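Below is one structure, written out as structure tokens, with a few remarks after it.
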Amino acid sequence: MAILLATDFGAAELALWSELLQTELPAETLVSDRMDCDPGVIDIAIVANPPPGALSCLPNLRLIQSLWAGVDTLLRDPTLPAGVPIARMVDPAMNQAMAQTALWAVLSLQRDFFTYAAQQRAMQWLPHPQRRADEVSVAVLGLGQMGQAAARRLAGNGYRVSGWSTREVAVPDVATGSGEAALARVLGDASIVVNLLPLTPATTGLFDRTRFAQMRRGAGFVNLARGAQVVDADLLAALDSGQLRHAVLDVFHSEPLPAGHRFWTHPQVTLLPHVAAQTDPRSAAPIAASNVHALREGRALQHLVDRRRGY
Ligand code: NAP
Ligand code: GLV
């Protein structure tokens, strides 16, 4: 049998992953082009943003292992084989990278560092009043792998943190809630809102004019999850009206963010090129390989996606 590596990687990245995975899986045959073998011998696919159709007509496929934490793009492929288990990437190193990005964004908003960066470009010397961390309330939406790591890191740095998720979950030093009423309360209480929800039908377009209106006037908004969860025009209107003070955006409807999009030049937007928590091949290759071993040895697969929920 063989493992198909179906990705959108360039040659160098593909070579690195192939080498690391082959080291972890010395007994396995790895192919990166499905034309290189009989489709019937491929029983595992390790994927990262595979082109639509990449996994169709593989009659003996038994596991799809994603190298990405979010599987929304994968699940949108109408040719994705039904019934084949999908495992997503859960890597403590990635969670820590996300916690760092969330802390950087919140700290920069708390201490006006984005404002000072703009002032430097304008050669403007203008100190602002300094807020303490315990004067800043932060809402983390989504309390899974990423959200919990971020919430813990923020609470550990002295912020007043609340969290929101579908099911009630206990996170030390974080006030948690679930359900629609709790969302309005959590949004209304927060000086800064950090989005770490997966992209599903329920979260698509969640951040619209209604949600921005529920936030405190002058709040900060940090989107580290998926661009399609935000209605861009409503976010721009909220920034322009002063309802929101600043947005930190790592993810966009279309990536790379198209030239000419207002986010590129908006003075109240700080953007990153989808790097809040990159998959690190050094830690992620052994994690992907451990599910391959589990399948081969008949053990339970880890971090399976619930296709009905979409994450
Ligand atoms: P996860 O472990 O599956 O956690 C998802 C969390 O969101 C859970 O707490 C879940 O609650 C909650 N949730 C889902 N749908 C909800 C809804 N409709 N209402 C309220 N809560 C809801 O996922 P994760 O590993 O933390 O990753 C989250 C997302 O981060 C990924 O899907 C991906 O889009 C994004 N991400 C971005 C980057 C980047 O570099 N920008 C990197 C990695 C991941 P329940 O468990 O109670 O259902
Ligand atoms: C990155 O956005 C991921 O989902 O891993």
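Annotations
- Filtering region 56-86 to residues that are in a loop (DSSP other than H, G, I, E, B) and either within 16 Å of ligand 1 (Cβ to nearest atom) or under 24 Å from residue 227 (Cβ atoms) (or both) leaves 67, 68, 69, 70, 71, 77, 78, 79, 80, 85.
- Just one residue in the set 233, 228 is within 16 Å of ligand 2 (Cβ to nearest atom) and in a helix (DSSP H, G or I); that residue is 228.
- Qualifying residue in region 248-257 (condition: modelled with pLDDT of 95 or more, outside any loop (DSSP other than H, G, I, E, B) and not acidic (Asp, Glu)): yes
- Scanning region 115-132 for residues being assigned to a helix (DSSP H, G or I) and not charged (D, E, K, R) gives a total of 6.
- The number of residues in region 1-53 being in contact with an Asp or Glu (Cβ under 6 Å, 6 or more places away or on another chain) and part of a strand (DSSP E or B) comes to 1.
- Boolean, residue 110 is in the same structural domain as residue 138 (by TED's automatic domain parsing), within 30 Å of residue 227 (Cβ to Cβ), buried (at least 21 other Cβ atoms within 10 Å of the Cβ) and in contact with a helix residue (DSSP H, G or I) (Cβ under 7 Å, 6 or more places away or on another chain): yes
- Residue 144 being within 16 Å of ligand 2 (Cβ to nearest atom) and not hydroxyl-bearing (Ser, Thr, Tyr): yes
- Pairs where the first residue, in region 1-29, is farther than 17 Å from residue 291 by Cα and the second is among the charged types (D, E, K, R), C-beta under 9 Å, 6+ apart: 7/13
- Long-range neighbours under 6 Å by Cβ, at least six apart or interchain, first residue assigned to a loop (DSSP other than H, G, I, E, B) within region 207-224, second among the basic types (Lys, Arg): 218/245
- Of everything listed in (1) free of Cβ contacts under 8 Å to residues at least 40 places away in the same chain; (2) part of a helix (DSSP H, G or I); (3) within 16 Å of ligand 1 (Cβ to nearest atom); (4) touching a strand residue (DSSP E or B) at 6+ places or on another chain (Cβ under 8 Å), the single unmet condition for residue 168 is (2).
- Within region 185-206, if we keep just the residues that are assigned to a loop (DSSP other than H, G, I, E, B) and within 16 Å of ligand 2 (Cβ to nearest atom), the residue that is nearest to residue 69 (Cα to Cα) turns out to be 198.
- Of residues in region 45-77 being touching a residue at least 24 places away in the same chain (Cβ under 8 Å) and over 22 Å from the mean Cα position of the chain (by Cα), the one farthest from ligand 2 (Cβ to nearest atom): 60
- Residue match in region 255-265 (condition: within 14 Å of ligand 1 (Cβ to nearest atom), loosely packed, with under 13 Cβ neighbours inside 10 Å, under 30 Å from residue 25 (Cβ atoms) and not assigned by TED's automatic domain parsing to the domain that holds residue 70): no
- Number of positions in region 171-186 that are among the hydrophobic types (A, V, I, L, M, F, W, C), farther than 12 Å from residue 148 by Cβ and either under 16 Å from the mean Cα position of the chain (by Cα) or within 12 Å of ligand 1 (Cβ to nearest atom) (or both): 3
- The set of residues in region 40-55 that are closer than 30 Å to residue 229 by Cβ and surrounded by 19 or more Cβ atoms within 10 Å (Cβ to Cβ) comprises 45, 46, 47, 48, 50, 54, 55.
- Residue in region 208-230 that is surrounded by the fewest Cβ atoms within 10 Å (Cβ to Cβ), counting only those that are of a type in the set (S, T, N, Q) and touching a helix residue (DSSP H, G or I) at 6+ places or on another chain (Cβ under 8 Å): 214
- Qualifying residue in region 280-294 (condition: aliphatic (A, V, I, L, M), in contact (Cβ under 8 Å) with a residue 24 or more places away in the chain, surrounded by fewer than 14 Cβ atoms within 10 Å (Cβ to Cβ) and not assigned by TED's automatic domain parsing to the domain that holds residue 245): no
The values are calculated or read from the model by the stated rules, or taken from the named source; none is laboratory data. Note that the structure is predicted; figures quoted are calculated from it, not measured. When we count neighbours, we look across all protein chains shown, and the Cβ atoms used for this are built from the backbone with ideal geometry, even at glycine.
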